[in-house]
1. Could you list, in sequence order, all residues of region 12-26 that are surrounded by 17 or more Cβ atoms within 10 Å (Cβ to Cβ) and farther than 19 Å from ARG53 by Cβ?
2. Looking only at region 1-50, how many residues end up being of a type in the set (Ser, Thr, Tyr) and part of a helix (DSSP H, G or I)?
3. I'm trying to understand the selection: among the residues of region 120-138, which are modelled with pLDDT of 60 or more and of a type in the set (Ser, Thr, Tyr)?
4. Can you name the strands (runs of 3 or more DSSP E) wholly within region 193-247 that have at least 2 residues being over 24 Å from PRO138 (Cβ atoms)?
5. Restricting the search to region 139-159, which residues are part of a helix (DSSP H, G or I) and either modelled with pLDDT of 90 or more or of a type outside the set (Gly, Ala, Ser) (or both)?
6. Of everything in region 213-256, what is of a type in the set (Lys, Arg), within 22 Å of the chain's Cα centre (by Cα) and within 23 Å of VAL148 (Cβ to Cβ)? Give them in sequence order.
7. What do you reckon, is ALA266 more than 33 Å from the chain's Cα centre (by Cα) and surrounded by fewer than 16 Cβ atoms within 10 Å (Cβ to Cβ)?
8. In region 298-316, which residues are in a helix (DSSP H, G or I) and either in contact with a Ser or Thr (Cβ under 8 Å, 6 or more places away or on another chain) or in contact (Cβ under 8 Å) with a residue 40 or more places away in the chain (or both)?
Amino acid sequence: MRAARLIKMVLLLQSRPAMTAAELARELEVSERTVQRDARALSEAGVPVYADRGRDGGYRLVGGYRTRLTGLARSEAEALFLSGLPGALREMGLEDAASAARLKVSAALLPSLRDASANAAQRFHLDAPGWYQEPHTPELLPALAEAVWGDRVVQARYRRDGREVERRLDPYGLVLKGGIWYVCARVVGPGDVRVYRLERFTAAVVTDEPFVRAADFDLPGFWASRAADFARSLLRDEVTLRLSAAGAAALPRVTDAMASREALAAAGPPDAAGWVRVTLRVESVEVAYTQLLGLGAEVEVLGPRELRGRMAETGRGVAALYGGVGGV
């Protein structure tokens with residue numbers, strides 16, 4: 001533990017001109033007295049740590065004690081610090097490792113490139129979760145991340161069609177899309193890599209059994225080619241709707257955007273009232289009910305009967321609630 005702390009202290013001092021005992025204590029999560037002892041230990045080991053006394057004093061390394069990555073241009077250094085997603089790393093349990101890696105790179109950069117990380121961070125930011133929803137971190141994410149990182153087989157259970165299924169999986173990669181985690185995995189044995197929604201896993205045990213990933217597997221390429229197909233695979237039911245012009249315009253905002261565009265493109269001409277009839281693919285009748293409520297009186301559900309009846313019942317409830325309010 002102390003050896004790792006001493007190494008981190010050297011890297012911190014390499015990355016900055018000087019640091020006070022209080023700053024080092026905060027970064028290393030120790031007391032200032034421990035910082036003083038560690039500085040003496042480094043000096044005795046031959047690391048040229050120099051302590052400036054006085055009010056504005058601190059610790060620094062005697063000039064030139066560092067390694068330098070002189071081959072990195074500014075644009076390359078800034079791009080390096082764009083490669084991580086802090087929130088995702090934290091959820092996977094990799095935040096400490098990423099922090100240590102960034103510190104090592106910062107310590108090795110030329111002084112003229114030291115501001116690369118801050119420069120990039122102030123210009124680019126990825127906020128993966130969607131608006132109006134709290135991001136959810138699946139409980140089993142760290143275990144799956146460990147398996148993905150170590151190429152280890154996972155004994156998993158997940159929910160499918162109202163029942164639990166058990167599988168042995170080769171987890172090839174993790175994808176964070178719109179605040180939702182997915183695992184791209186292959187059932188052990190011959191077969192294709194498939195996409196699983198991580199929040200549907202009920203158990204995941206990382207085994208000691210390694211797997212050999214296909215050398216030609218490319219996660220970004222795989223996800224790009226499968227994302228649209230995967231989204232379509234979730235839309236297993238159909239509903240028939242009658243939409244006003246306002247309802248048609250708002251439909252992609254409350255239901256699956258791709259399915260909405262396809263439904264509207266296939267719709268016939270408007271009727272005499274200016275309404276159009278569409279057949280929309282949805283994940284389920286339950287999901288469609290929740291989504292279509294957002295269109296209010298701009299949508300009429302024609303089928304299935306179950307959904308039409310539920311929307312009518314909700315409409316009567318709303319009318320009863322507001323029916324006695326005058327002037328509204």
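1. Hits for region 12-26 are LEU12, GLN14, SER15.
2. Going through region 1-50 one residue at a time, the tally reaches 3.
3. Once the filter is applied, which keeps residues that are modelled with pLDDT of 60 or more and of a type in the set (Ser, Thr, Tyr), region 120-138 yields only THR137.
4. Where strands (runs of 3 or more DSSP E) fall fully within region 193-247 and carry at least 2 residues being over 24 Å from PRO138 (Cβ atoms), they are 237-243.
5. Matches in region 139-159: LEU141, PRO142, ALA143, LEU144, GLU146, ALA147, VAL148, TRP149.
6. Residue satisfying the conditions is ARG226 alone.
7. Spelling it out, ALA266 is indeed more than 33 Å from the chain's Cα centre (by Cα) and surrounded by fewer than 16 Cβ atoms within 10 Å (Cβ to Cβ).
8. Hits for region 298-316 are GLU298, LEU307.
The values are calculated or read from the model by the stated rules, or taken from the named source; none is laboratory data. If you're wondering where the values come from, they're calculated on a predicted model, not measured in any experiment. Note that each Cβ is placed from the backbone with ideal geometry, even for glycine, and that neighbours are counted across all protein chains shown.
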